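Beneath this line is the structure, given in C-alpha cells, with notes to follow.
Just so it is clear, none of the values below were taken in a lab; they were calculated from the coordinates. Predicted model, so just to flag it, every value in this text is computed and none were measured. Cβ: placed from backbone, ideal geometry, glycine included. Neighbour counts: every protein chain shown.
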Amino acid sequence: MNHKANKEQEVDVFYDSISKSYTEAIRRCVPEYEEMLKSLFIYLKPDFLPKKILELGCGTGNLTQLVHLKFPNAAITAVDISTECINECKSRISSSNIEYVKSDFKEIHFPDNGFDLVLSSISIHHIKDADKEILFQKLHKYQSANGVLSFCDQFRGESDFIYQKHIERWKEFAIKQGASTDEWEMWMKHQKDHDYHSTLANHFHWIKSAGYKLVDCTKRHLLWTTLYAEK
C-alpha cells in the first residue's frame, strides 16, 4: 500500500475511533457550532424546495438531522469516509429517504444534474487544494440547473499572522469549554497530518471557475466560514 493510501486509511481509522464521542467533542472544540450549521440554510430562498440533496461528510449526523427535518420529503445522499460514523448517523436518523455512501470525496461519482442542493460541514478541508478544485468542478456538473451549494469549513487567514491569531483564539475557546490539553493536542496533530486549510480567496476562485454564477460568504468566525453559491 502506498503512502497516499496509508494517509487516507488513517483518516478513516481516526473518525471510526471517535465516532461515539464526536458530537460532544465538536461542540466543545468548535466555536459557534450550532449557529454555523444553521447558517447553511438561512440564505436559501423561501421557494427553494430541493428534491435531491447531497451531503458531503455526514459524520455522526448533526447536519443530516437538520437537513431531514427541514426537507423531510427530499431524497438525501450522505457521503462519509468512516463506516462507524455512518453507522452512528443511521442509529440517530431512521429514514428510507437517506442513502449512505462510504467514500473519499475524491472518489465520488454521481449522475450529472442530479442534486438540487449540496451541503457540507467541516469536511472539504480534508482534501488537498488541487482536489478541492476538482471537487467543485464535479459538484457543478452534479447539480441541477438552479442548484445551490452551501457549505461551512475551516479556512486559512489571508496572512500567516491572521491564521495563527485564529488558532490562538480557537485554543482559548476550546480550553474555556473544557477541552483538555491532550484533547487539544490530538486535534492539532490530526490537523497537521490530515487537514488542508485554504483561504477564502482561493475558494471563491475555485467555485467561480467551476461555473457557479454567484458565490458569497454568509458567515465567518475565526477559521469557520460559510459559503453560498448558485449554479
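Work out, step by step, the length gained on full extension between residue 129 and residue 83: first 0.36 nm times the residue separation, then minus their alpha carbon distance; give nm to one decimal. Numbers along the way, then the final one.
Values: separation 46, 0.36 × 46 = 16.56 nm, distance 2.49 nm.
Net length gain for the segment: 14.1 nm.
List the residues, sorted by chain then number, that are 5 or more residues from residue 147 or on another chain and whose placed amide H is less than 5 Å from its amide H.
Under 5 Å from the amide H of residue 147: 231.
For the stretch 113-231, state the average projected area of the convex hull of the C-alpha atoms over all orientations, rounded to one decimal in nm². Write down the numbers at each step before the final one.
Numbers: hull surface 29.9 nm².
With every direction weighted equally, the projected area is 7.5 nm².
Separation between the residue 190 and residue 41 pseudo-spin-labels, each 7 Å from Cα along Cα→Cβ, expressed in nm?
2.5 nm
Just to check I understand the Karplus step: with θ = phi - 60° and J = 6.51 cos²θ - 1.76 cosθ + 1.60, what whole-Hz values come out for the stretch 199-204, glycine and proline as x?
Once θ is set to phi - 60°, the couplings for the stretch 199-204 become 7, 4, 4, 5, 4, 4 Hz.
Describe numerically, in nm with one decimal, the distance between label points set 7 Å from Cα along Cα→Cβ at residue 213 and at residue 167.
4.1 nm
Using a cut-off of under 18 Å, list every residue of the stretch 95-122 whose amide N is near the label point 7 Å from the Cα of residue 48 along the Cα-to-beta-carbon line.
It comes to 113-122, nothing else.
Can you give me the long-range amide H partners of residue 76? Hydrogens built in the peptide plane at 1.01 Å from N, cutoff under 5 Å, separation of 5 or more residues or another chain.
53, 98, 99
Using each residue's phi in the stretch 41-46, evaluate 6.51 cos²θ - 1.76 cosθ + 1.60 at θ = phi - 60° and report the 3J(HN,Hα) Karplus result to the nearest Hz, with x for Gly and Pro.
9, 4, 9, 5, 5, x
Of the options 173, 96, 218, report the single residue whose Cα projects farthest towards the positive end of the charge dipole of the chain (beta-carbon charges: Lys, Arg +1; Asp, Glu -1).
Checked the options; the winner is 218.
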